[in-house]
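Note sheet for the following structure.
The values are calculated or read from the model by the stated rules, or taken from the named source; none is laboratory data. Given the structure is predicted, the values throughout are model-derived calculations rather than measurements. Cβ sites come from the backbone with ideal geometry, for glycine too, and all protein chains shown count toward neighbours. Areas reflect the complete protein model, heavy atoms only, side chains present, ligands, DNA and RNA absent. Shrake-Rupley method; radii C 1.70, N 1.55, O 1.52, S 1.80 Å.
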Amino acid sequence: MMKLLKYELQRRRTLLPGAAIGMLFIEGAALYGIYRGGNWNTLAIAMTMLLAVGGLLLPMLDAVTKLYADYKQKQGYLLFLTPQGGYRILLAKTVFGALEIAASMLLICGCLALSAALLDRFQYGAATALLSSVGAQMGDALTTGMLFTFVGLAALQMIAQMCVALLAVTVSRAMVQSNRYNWLISLAMYFALAVGINMVNGVLLVAFGFVGDVMRLIRDESHALRMLGKYFAISAGTYAVWAAACTAVSGRLAGRSIDL
Amino acid sequence: MPTEPYFPGFMSVKQVGAFHADFFADFSTDAFKRLAERMELSMDMKVSQLSSGMEAKLKLAVAASRDAKLLMLDEPLNGVDLLARDVILSAIIERADENNTILISSHLIDVMERVLDEVIFLKRGRVVLQGEAEAVRARHGKSIVDLYREVYAS
């Protein structure tokens with residue numbers, strides 16, 4: 001596994017530093033907007049959104065394009081001729097993608113923290129005031145809990161979405177390669193599974209009493225943290241199982257049904 | 001060993017060897033270095049900088065550096081100039097011994113004939129001729145090249 005991860009890292013020896021530098025440039029533009037203040041805050045907001053969206057999408061796009069290149073181009077022989085098997089190869093790609101997403105999230109959070117610090121410095125403590133206001137309403141522990149829950153679930157959901165995308169690409173190459181609309185089938189499959197995972201998650205949350213808990217929360221906020229932990233665990237479990245299942249099916253198809 | 005070039009352009013010759021050493025327990029890095037040196041492949045050269053002949057030599061160096069009982073070489077001389085062919089053929093001959101089998105798929109019969117122990121002619125998915133090279137020549141009274149023309153011209 002480590003050797004496969006080493007190879008995946010080697011393939012991205014220019015992409016990863018380039019992406020990190022790009023993100024820092026975008027953050028630089030955001031910081032400039034915060035520094036100038038006033039109408040320039042629009043630049044800061046736009047750059048921050050670009051950073052967040054781009055930073056989360058890039059690892060998924062990278063994972064999908066690399067796998068597609070392995071299936072489509074002759075360089076795929078190098079990987080699939082090794083005595084590794086489809087399961088191990090797809091698992092390595094999933095693990096690497098997950099590490100990329102985690103690193104991207106950390107970078108995004110770091111940039112947001114930097115923006116908040118600059119906002120405080122140049123715009124009369126605006127970030128601190130906002131957080132204090134939220135903390136006063138919900139409590140510091142709950143505010144921190146919600147922050148970690150949001151970031152954690154966003155990362156897990158992106159990882160699950162990436163696994164769905166890898167499965168869709170694998171299916172298009174393994175089962176419908178000769179079909180001229182295989183790209184459309186792959187896209188439709190991706191959207192169906194991506195929506196499906198959220199539907200399953202929603203059903204599970206309701207099954208575990210989410211609606212009732214929310215009603216109780218309105219009357220009594222003291223159980224909010226425990227409820228947050230409970231539903232984080234349920235959602236995290238859903239995404240983890242979904243990701244594992246997609247990776248397993250992709251691995252099986254890659255090992256048995258791909259014609260390079 | 002596939003016909004097509006399959007090493008990623010970003011890898012150096014050294015990294016190609018390191019990749020195979022990582023994944024194949026029977027790969028000998030020393031043998032690879034010796035073969036690469038003999039084929040005049042610089043370890044620091046990127047695959048993207050190699051000519052088709054150099055890449056063909058690199059493919060063979062990788063394949064021949066494994067301690068395999070069966071080596072399957074698909075068109076090892078495709079796109080290779082005369083001088084490089086001699087180097088590749090001599091490397092194939094040196095690699096062959098009583099403990100392994102080298103299966104070569106090739107249309108360059110005139111070049112390959114001198115190194116073959118046995119020949120198999122496939123036509124439309126069927127074996128149409130098979131046997132030890134010397135015995136086939138003696139039986140038909142022709143060279144393998146002439147037999148090739150006869151079998152595939154019809």
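Return the long-range amide H neighbours of B:E118 (sequence gap of 5 or more, or a different chain), with a cut-off of under 5 Å between placed amide H atoms.
Answer set, sorted by chain and number: B:A133.
Which ³J(HN,Hα) values, rounded to whole Hz and listed in residue order, are derived for region A:56-70 from phi using the Karplus coefficients 6.51, -1.76 and 1.60 in 6.51 cos²θ - 1.76 cosθ + 1.60 with θ = phi - 60°, glycine and proline given as x?
Computed from phi, the couplings for region A:56-70 are 8, 7, 4, x, 5, 4, 4, 4, 5, 5, 5, 5, 4, 4, 5 Hz.
Nearest 10 degrees is fine. How inclined is helix A:126-138 to the longest principal axis of chain A, computing both from alpha carbons?
Between the helix axis and the principal axis of chain A, the angle is about 90 degrees.
Using only helices, what value at 222 nm comes out for chain B when you add -39,500 (n - 2.57) per DSSP H run of length 4 or more and divide by the total residues, to the nearest 500 deg cm²/dmol? Walk me through the numbers before you get to the answer.
Numbers: 7 runs with 70 residues, N = 154.
So the helix-based figure for chain B works out to -13500 deg cm²/dmol.
When the chain is fully extended, how far beyond the present Cα-Cα distance does A:N39 get from A:F210, taking 0.36 nm per residue of separation? Before the final figure, lay out each step's value.
Working: separation 171, 0.36 × 171 = 61.56 nm, distance 4.15 nm.
Gain on stretching A:N39 to A:F210: 57.4 nm.
Relative to the longest principal axis of the C-alpha atoms of chain A, give the angle of the C-alpha long axis of helix A:140-174, reported between 0 and 90° and rounded to the nearest 10°.
Compared with the principal axis, the helix lies near 20 degrees.
Nearest 100 Å² is fine: how much accessible area is buried between B and A, summed over both sides, with a 1.4 Å probe? Don't jump to the answer; show the numbers that get you there.
Numbers: alone 9190 and 14810 Å², together 22520 Å².
What B and A bury together is about 1500 Å².
Applying the Karplus parametrisation 6.51 cos²θ - 1.76 cosθ + 1.60 with θ = phi - 60° to the phi angles of region A:19-34, what ³J(HN,Hα) value in whole Hz is obtained for each residue in order, glycine and proline being reported as x?
Using θ = phi - 60°, the values come out as 5, 5, 5, x, 5, 5, 5, 4, 5, x, 5, 5, 5, 4, x, 5 Hz.
Based on the Cα coordinates of the protein assembly as shown, what is the per residue volume of their convex hull in Å³?
Working: hull volume 80.2 nm³, N = 414.
Per residue, the Cα convex hull of the protein assembly as shown comes to 194 Å³.
Which whole number gives the average count of other chain Cβ atoms within 10 Å of the Cβ atoms across peptide A:73-83? Intermediate results must be reported in sequence, preceding the final value.
Working: counts 3, 7, 9, 2, 6, 10, 4, 1, 6, 5, 3.
Mean shielding count: 5.
Where is the GNM fluctuation largest for chain B (alpha-carbon springs, 10 angstrom cutoff): B:R126, B:R66, B:R137?
Between B:R126, B:R66, B:R137, it is B:R126 that shows the largest mean-square fluctuation.
In degrees, nearest 10, range 0 to 90: what is the angle between the Cα axis of helix A:182-207 and the longest Cα principal axis of chain A?
Tilt of helix A:182-207: around 50 degrees.
Return the calculated 222 nm mean residue ellipticity for chain A, to the nearest 500 deg cm²/dmol, obtained by summing -39500 (n - 2.57) across DSSP H runs with n ≥ 4 and dividing by the residue count.
The per-residue figure over chain A is -30000 deg cm²/dmol.
Each residue of region B:111-118 in order: what ³J(HN,Hα) in whole Hz does its phi give by Karplus 6.51 cos²θ - 1.76 cosθ + 1.60, θ = phi - 60°, with x for Gly and Pro?
Listing the rounded values in order: 7, 7, 3, 5, 9, 7, 8, 9 Hz.
Report the gain in length on full extension from B:D97 to B:A21: 0.36 nm times residue separation, minus Cα-Cα distance, nm rounded to one decimal.
Values: separation 76, 0.36 × 76 = 27.36 nm, distance 2.25 nm.
Taking 0.36 nm per residue and subtracting the Cα distance, the gain is 25.1 nm.
Can you give me the Rg/Rh ratio for region B:69-154, using Cα atoms for both radii and the Kirkwood formula for Rh? Could you put the intermediate results ahead of the total?
On the way: Rg = 13.2 Å, Rh = 13.8 Å.
Rg divided by Rh gives 0.96.
What residue among A:A155, A:A207, A:A19 has the largest mean-square fluctuation in a Gaussian network model of chain A, using Cα springs under 10 Å?
A:A207
Given H placed 1.01 Å from N in the peptide plane, which residues other than close sequence neighbours of B:I102 have an amide H under 5 Å from its amide H?
B:L71
Going by a 4.7 Å Cβ-Cβ cut-off, which cysteines of chain A have no partner at all?
For chain A, the answer is A:C109, A:C111, because their Cβ atoms have no other cysteine Cβ under 4.7 Å.
With an 8 Å Cα cut-off and a minimum separation of 6 or more residues, compute the relative contact order for region B:33-154 in percent.
Working: 112 pairs, mean separation 22.3, N = 122.
Taking the mean separation of contacting Cα pairs over the length of region B:33-154, I get 18 percent.
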